[in-house]
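Working notes for the structure below.
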Amino acid sequence: MSFNTFGRVFRFTTWGESHGPALGAVVDGCPPGLALSETDLQPFLDKRRPGTSRFTTQRQEPDQVRILSGVFGGRTTGTPISLMIENVDQRSKDYSEVALAYRPGHADYAYDAKYGFRDYRGGGRSSARETAARVAAGGVARAVIHEVSILAWVSEIGGDAIDPARFDAAEIARNPFFCPDPEAAKRWEKMVDEARKAGSSLGAVIECEATGVPAGWGAPLYAKLDSELAAALMSINAVKGVEIGDGFAAAKLRGEDNADPMRPGMDGPEFLANHAGGIAGGISTGQPVRVRVAFKPTSSILTPVETITREGTASEIMTKGRHDPCVGIRGAPVVEAMMALVLADQKLLHRAQCG
């Protein structure tokens, strides 16, 4: 039994490993007649691409996407869209020690326990490299939800958060951290550099907002928009927590404080707050859909950590190679992609039931 496919009507399957010849995705259920080309998808992959600064892995991958099927004359045909991204800068020899012992915090032991076999070269399917395929598929999804704008940013690294009062969306593209607060970005340079030089790593929190989502997307009870988002975002390698709207902070509020008051507006209700993150009863309200995603520190580090070998003997491991000192930095484009993929699926589900 294998689970490499996500979605109900707009479905995508990712394939490939970190150190295989290529990886990619097959998108099925995309409506026909949508304008789509490789140049439409490439900007999203460029945002996620490794080796763009000293704060990410120095693996040099161009991440050039190729559309192999499902598009003719610059438009989708309604048939499966196959996307491929070649791996060109693998160094499998860096993982010789990982072949003998498990990396604590990584999926090495869990994969071995399940399958009795594992691809130790970068972690195979458990590598963050797999997310390149999601970003390509997310580019297709954006063509379906043309009315929606999606923006993600890093709001916290290593426990150091941005100041919301200094939020500037234009800053997100101006620094290597996808950070909307220029002062925080300066602090993070020092923090990430210190972690990298120490052979360690840092965690991060990413926030994402989708605007233009109309009221009505989602469904009770088992296809709730928020539950689908939670599942999609938790499926990203290295993610350990997801919040919708205020999330856990809502548990500290009284009912009147947590409510999103409404009053009459020109085109429907005007909301005075958005504690719910744009979703009520599993269905979008027309407000911005807001999520927060927690990424753990990278598990592949140069700091020695106690572990065991495959034979069960005590050992110690330090992971050589090229790794992100903060894997969450490049997570922003991935979170955007998963948001787009879920919203595209929910849009088509809504159209199927309600017309």
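Summary of values
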{"item": "Test: residue in region 58-73 that is over 30 Å from Gly158 (Cα atoms), modelled with pLDDT of 95 or more and open to solvent by less than 30 Å² (accessible area, probe 1.4 Å)", "result": "yes"}
{"item": "Selected residue [in contact (Cβ under 8 Å) with a residue 12 or more places away in the chain, closer than 30 Å to Lys224 by Cβ, assigned to a strand (DSSP E or B) and open to solvent by 20 Å² or more (accessible area, probe 1.4 Å)] from Arg292, Arg330", "result": "Arg292"}
{"item": "Out of Ala249, Ala231, sole residue that is modelled with pLDDT of 95 or more, under 17 Å from Glu336 (Cβ atoms) and in a helix (DSSP H, G or I)", "result": "Ala231"}
{"item": "Per-region count, region 17-59, residues free of Cβ contacts under 8 Å to residues at least 12 places away in the same chain and touching a Phe, Trp or Tyr at 6+ places or on another chain (Cβ under 9 Å)", "result": "0"}
{"item": "Tabulated pairs, region 173-184, first within 16 Å of Asp324 (Cα to Cα) and β-branched (Val, Ile, Thr), second buried (at least 24 other Cβ atoms within 10 Å of the Cβ) and at pLDDT below 95, C-beta under 7 angstrom, 6+ apart or interchain", "result": "none"}
{"item": "Output for region 194-211, where each listed residue is more than 23 Å from the chain's Cα centre (by Cα) and open to solvent by less than 20 Å² (accessible area, probe 1.4 Å)", "result": "Gly199"}
{"item": "Options Thr52, Thr56, Thr14: the member that is assigned to a loop (DSSP other than H, G, I, E, B) and under 24 Å from Met234 (Cα atoms)", "result": "Thr56"}
{"item": "Residues satisfying the stated conditions in region 335-352, i.e. under 11 Å from Val213 (Cβ atoms) and of a type in the set (D, E, K, R)", "result": "Lys347"}
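To keep it simple, each residue is scored yes or no on (1) without any contact (Cβ under 8 Å) to a residue 24 or more places away in the chain; (2) crowded, with 17+ Cβ neighbours inside 10 Å; (3) assigned to a loop (DSSP other than H, G, I, E, B).
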position: Ala276; (1), (2), (3): no, yes, yes
position: Thr298; (1), (2), (3): no, yes, yes
position: Ile301; (1), (2), (3): no, yes, yes
position: Ile308; (1), (2), (3): no, no, no
position: Glu311; (1), (2), (3): yes, no, yes
position: Pro325; (1), (2), (3): no, yes, yes
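The values are calculated or read from the model by the stated rules, or taken from the named source; none is laboratory data. Given the structure is predicted, the values throughout are model-derived calculations rather than measurements. Don't worry about glycine lacking a Cβ; one is built from the backbone with ideal geometry, like all the others, and counts go over all protein chains shown. In case anyone asks, the SASA skips ligands and DNA or RNA and just uses the protein heavy atoms, side chains included. Shrake-Rupley method; radii C 1.70, N 1.55, O 1.52, S 1.80 Å.
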